[in-house]
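Structure record follows, encoded as C-alpha cells.
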Amino acid sequence: MYHFRSTMSIYSVSEITKYIKNCFERDAVLASVFIRGEISNYKYHHSGHCYFSLKDASASIRCIMFRSQAQYLKFEPRNGLKVVAYGQISVFERDGQYQLYAGQLIPDGIGDLSLAFQQLKEKLANEGLFLEERKKRLPLLPKAVGVITSPAGAALRDIITVSKRRHSGIPLVLFPVQVQGPDASLQISQAIDKMNIWGQVDVIIVGRGGGSMEELWAFNEEQVVRAIAGSTIPIVAAVGHQTDYTLADFAADCRAATPSQAAELVIPDVQELSRYIYTLISSLEVNMRGQVKHYRNVLTKLTDNRVFNQPKKMLVGRQQLLDQYIERMTNAIKYTLVNKQHSFHIAAEKLSMLNPLAVLSRGYSITRNAGGEVIRSVDQIVPGQYLEIILKQGQIDVNVLSVKEVQTFEQDKQEQNF
C-alpha cells in the first residue's frame, strides 16, 4: 500500500502510477468485472497474446488476453463481434493507461461453441472442403468396413447389429477411439490417417451416439474435419441423431442420421443383392436372346441371297461378259499385229532400196582408195594410184593408167540452161 506524503510533496511518475494502480486493485468491482462491448482493433500476437479494445457508442477500453487464457477460446475473436469480457481492470505502468486483463470472452447473445462452429464452417467452406464434387462414391460391395468410434458406445453395437442382419460376410474393422473429451479429436484424426495408410478397408464409418453440442464437439474440431476431407477412402459420418449436425457431416462423403443408418448405407442387404443379381441375369438373358435373334435374321438374309443359293446363275452372266472381253482383246491384238506388220514391210522395202548390196546386184560397183575412202569423183584419182573395185561377188584390185573427166547428163543440162 502506498500513501501520499505531506502536502506540497513532489512525486515521481512511477510513484503516482503505482498509487493509481493500487487504487484499482483494491477496488472490488474492478478486480472482478464483466464488460459488454464490441471488439475493435483486434490483434493476435505471435506470442499467443490477444490485444483489442471494447467499445460502445460513447467510450472504449483497452484489453489484453494472455496466451494462457486465449488458447482455450472456442471461437476466433473478430472486429465488430459483440462479446461479454470477464477480467480485472488494472493499470499498465509503462504507458500509464488502465486496461482490462481479460480471462474469458463470451459471445453476446450466442454461445461460444455456436460461434466457433459458424466461424470454422465458413472458413473451411471457403477452402472448398464441403464441395459436392470432392465427395467420393460409396462402394457397392465393400470387402471390409472400417469403424472409428468408442468400443463401449451404443453406436458400435448398433453398427454390428445392422451389419450382421444385412450381410454377415462383410468384416468390420474397429479402430477404438475416444469420442469426447480433450484427446478425442486427436485420436479420431489419427485413426482416419492410419486407416488410409493401412488401406485394407473400402469405406470408413466415423461417429458416435447423440449428445449435447459440447459432447459432440470433437467432430467439429478442425483437425478431424481436415482428416475426413483428406481421406482417400470414402467416409460416412454418423454423429448423433437426426437433428445433430457437425462439421464432420459436411466434410464426409456421405452423412448418416444415425450409426444404424450408416451401417445400412455401407453394408448391402444380401436379399436385395440377390434380387439385383437376378434382375441383372434376367436382363442379360433378354439381351442375349435379342442379339441371337438379330444375328440369326442377318444370317438368314445372307443365306437367302442369290450369291449363296444360285451361284451358277451369277457365273453365267459373268462368263459371257468375260468371253466378250476376251474376244475384244483378241481382235485388238490382231489389228495391232497387222498394222505393225504393214509398217515393217514398208520400212524393210525402204531399207532394201538404200542397201548398197542391192545396187551392186544391178551391175554397179564401188571404188575405194587404199585408205578405204569411196571414190566419188575423178578429182580424187591420179595415174598410178592403187584402187579397189567392189562388185557383188568380189573385189578387183587395179592400178590407174590414166584419168579422163567425162561430162555427165546433169552437167550438160545445167550448161544448156545457162
Given (1) in a loop (DSSP other than H, G, I, E, B); (2) closer than 14 Å to Asp249 by Cβ; (3) not aromatic (Phe, Trp, Tyr), where does Pro182 come up short, assuming only one miss? (2)
Taking Leu138 as the residue in question, decide whether it is in contact (Cβ under 8 Å) with a residue 12 or more places away in the chain, within 31 Å of the chain's Cα centre (by Cα) and either on the phi < 0 side of the Ramachandran plot or in a strand (DSSP E or B) (or both). yes
How many residues are over 16 Å from Ala262 (Cα atoms) and open to solvent by 70 Å² or more (accessible area, probe 1.4 Å) when one looks only at the stretch 147-195? 11
If I ask for residues that are part of a helix (DSSP H, G or I) and within 39 Å of the chain's Cα centre (by Cα), which ones from the stretch 163-179 would you list? Ser163, Arg166
Can you pull out the residues in the stretch 367-389 that are touching a strand residue (DSSP E or B) at 6+ places or on another chain (Cβ under 8 Å) and among the hydrophobic types (A, V, I, L, M, F, W, C)? Ala370, Val374, Ile375, Ile381, Leu387, Ile389
For the stretch 204-233, which positions are closer than 19 Å to Thr161 by Cα and surrounded by 23 or more Cβ atoms within 10 Å (Cβ to Cβ)? Ile204, Ile205, Val206, Gly207, Arg208
Strands (runs of 3 or more DSSP E) within the stretch 294-404 that include 1 or more residues surrounded by 10 or more Cβ atoms within 10 Å (Cβ to Cβ) and of a type in the set (Ser, Thr, Tyr): 366-369, 386-391
What's the number of the only condition in (1) buried (at least 23 other Cβ atoms within 10 Å of the Cβ); (2) assigned to a helix (DSSP H, G or I); (3) in contact with a Leu (Cβ under 8 Å, 6 or more places away or on another chain) that Val236 fails to meet? (2)
It is to be established whether one or more residues within the stretch 101-119 are touching a strand residue (DSSP E or B) at 6+ places or on another chain (Cβ under 7 Å), farther than 28 Å from Pro259 by Cβ and among the polar types (S, T, N, Q). yes
Within the stretch 239-252, residues part of a loop (DSSP other than H, G, I, E, B) and either open to solvent by 20 Å² or more (accessible area, probe 1.4 Å) or of a type in the set (Lys, Arg) (or both) come out as His241, Gln242, Thr243, Asp244, Tyr245
Count - residues of the stretch 185-229 that are outside any helix (DSSP H, G or I) and without any contact (Cβ under 8 Å) to a residue 24 or more places away in the chain: 1
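The values are calculated or read from the model by the stated rules, or taken from the named source; none is laboratory data. Please read all numbers here as calculations on a predicted model, not as lab measurements. With ideal geometry, Cβ positions are generated from the backbone for all residues, glycine too; neighbour counts draw on all protein chains shown. With ligands, DNA and RNA removed, areas are computed over all heavy atoms of the protein, side chains included. Shrake-Rupley method; radii C 1.70, N 1.55, O 1.52, S 1.80 Å.
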